[in-house]
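First up is the structure itself, then whatever we jot down about it.
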Amino acid sequence: MSILVVTIPENPPERLDKALALAVPEEAALSRSRLARLIIEGAVTGPSGLARDVKARVTGGEEYRIALTAPAEVKTRPEAIPLTIAHEDDDLIVIDKPAGMVVHPAPGSPSGTLVNALLAHCRESLSGIGGERRPGIVHRIDKDTSGLLVVAKSDRAHHGLAAQFEAHSARRLYLALAHGVIDPADPRLRGTRGVSFEPGHVLRIATHLDRHPTDRQKQAVHFDKGRHAVTRARLLEAFGTPPSAMLVECRLETGRTHQIRVHMAHAGLGLIGDPVYGGARKASVKALGAAAAAVSAFPRQALHAAHLGFTHPVTGQDMAFDSKLPQDMGDLLSALRGASEA
């Protein structure tokens, strides 16, 4: 255990947790939520003894002592699972995740996850997130979505990355293969609530997302409740005669659960292979020829996190990473291109 001694600055915020967050040195990497937990747990002592009320009033010049224990080991078991690493340093790691890997352990997936793999790979280089020696997950991609995500290895990185994702300043670009095509002249698209076009024929989908009213495992579009969500989609290639499938670039302004999959389905442009939101849409043999069979047989949502950009939360350096399409999506793309050339 170590003791961190801090002095409340002049004209501090009224609440103890906020005042401590302002007073602790940056290198301590203690977020306000972590400080609040420490206060509640009895780890903070002030001029009048133990300070257990996060809303307690403070005065400039007061001295507080914060008892910090070594990061606790988490119960999740490390597993030696191979990882494709795009970048790693003392504070963070960027992973190119394969389709089929769950990011975080859950009741239905207690092992074989990215977190299990990171615990084995990083070992002692994890300096502790929220008082535990664990990787800091600041964003996720679905089990059957492939591609890039960044994970914090230290508390200071976790705070900085989380702030960027909350402020929507991190840059995320996905490539998807989807049914239909984006056509600004399509009256159905223009008549869909929440759908509009921006310069460059960019499709903008802006709705709220919340739990599906009957299936709690799904998300659904809402306009009177839920969390604001914005996706932008741009047609890269169209396939078939007439065009009935496309390669599309999707950019996230927000990052809600299943956002791209739900939004594209809402626009009538469901992702190929999506077992949850793809609906009963069938590939047209007349339009796609032999490629229709490849479309129908594709076993997962054809979605890949192809680009990730952010500011390094410790060094301030601009970071940008790109990932090529995985082989399964590359093979499907080749089949679709062959259909268009036939």
Margin query: If I stretch the segment between His208 and Glu249 completely, what's the gain in nm (0.36 nm per residue apart, minus their alpha carbon distance), one decimal?
Written below: 12.7 nm
Notebook entry, point to check: From a point 7 Å beyond the Cα of Ala290 in the direction of its Cβ, which residues of region 301-333 have a backbone N at a distance under 19 Å?
Noted result: 328-333
Check: What is the spin-label model distance, in nm, from Asp215 to Thr7 if the labels are put 7 Å beyond Cα along the C-beta direction?
Finding: 6.1
Check: What is the magnitude of the charge dipole of the chain about its Cα centre, with +1 placed on the Cβ of each Lys and Arg, -1 on the Cβ of each Asp and Glu, and no other charges, expressed in debye to the nearest 20?
Finding: 1180
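Starting from region 263-298, pick out the trypsin sites (Lys or Arg not before Pro) whose DSSP state is loop and whose Cβ has at most 11 other Cβ atoms within 10 Å.
Those satisfying the criteria are Lys282.
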Checklist line | Antiparallel DSSP beta bridges within the chain, as percent of all bridges there, nearest 5 | finding: 95
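Can you give the relative contact order of the chain as a percent, counting alpha carbon pairs under 8 Å and 6+ residues apart?
Here the relative contact order equals 14 percent.
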Next item on the list: Please give the peptides 309-322, 250-263, 174-187 ranked by average Cβ packing (other Cβ atoms within 10 Å per residue), highest first, as a rough proxy for protection.
Entry: 250-263, 174-187, 309-322
Next item on the list: Amide H neighbours of Gly240 under 5 Å, at least 5 residues apart or on other chains, H built in the peptide plane: list them.
Entry: Ser340
Checklist line | Förster-model FRET efficiency, 25 Å R0, Arg227 and Ser109, C-beta, rounded to 0.05 | finding: 0.55
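Once you have the Cα-Cα distance between Arg52 and Gln327, take 0.36 nm times their residue separation minus that, and quote the gain in nm to one decimal.
Going from the current span to full extension adds 93.5 nm.
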Item checked: Amide hydrogen neighbours beyond the local backbone of His222, cut-off 5 Å, H modeled -> His208, Leu209, Asp210
Next item on the list: With everything on Cα atoms, drop me the angle between helix 155-166 and the longest principal axis of the chain, reported from 0 to 90° to the nearest 10.
Entry: 50
Next item on the list: With springs connecting C-alpha atoms under 10 Å apart, model the chain as a Gaussian network and identify which of Leu92, Leu30, Leu161 has the largest mean-square fluctuation.
Entry: Leu30
Next item on the list: With Rg/Rh (Cα atoms, Kirkwood Rh) in mind, check (1) 1.06; (2) 0.99; (3) 1.23 and report the label derived from this structure.
Entry: (1)
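Going from most exposed to least, what order do Arg204, Arg300, Arg32 have by accessible area with a 1.4 Å probe?
Heavy-atom accessible area, descending, gives Arg32, Arg204, Arg300.
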Notebook entry, point to check: What ³J(HN,Hα) values, in whole Hz, does the Karplus curve 6.51 cos²θ - 1.76 cosθ + 1.60 give for region 248-259 when θ = phi - 60°, with x put for Gly and Pro?
Noted result: 10, 9, 10, 10, 8, 8, 10, x, 8, 4, 6, 4
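What number does region 210-267 give for Rg over Rh if you use C-alpha atoms and the Kirkwood radius? Intermediate values should be presented prior to the final figure.
Working: Rg = 13.6 Å, Rh = 12.8 Å.
With Rh from the inverse mean 1/r over Cα pairs, Rg/Rh is 1.06.
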Checklist line | Pair Arg37, Ser334: separation of 7 Å Cα→Cβ label points (nm) | finding: 4.8
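Give me the extension gain from Thr45 to Ala163: residue separation times 0.36 nm, minus the current Cα-Cα distance, reported in nm with one decimal. Let's see the in-between values first.
Working: separation 118, 0.36 × 118 = 42.48 nm, distance 2.85 nm.
Answer, rounded to one decimal: 39.6 nm.
The values are calculated or read from the model by the stated rules, or taken from the named source; none is laboratory data. Just so you know, these numbers come straight off a predicted model, no measurement behind them. Ideal geometry is used to build each Cβ from the backbone, glycine not excepted, and the neighbour counts take in all protein chains shown. Note: areas computed on protein heavy atoms with side chains; ligands, DNA, RNA excluded. Shrake-Rupley method; radii C 1.70, N 1.55, O 1.52, S 1.80 Å.
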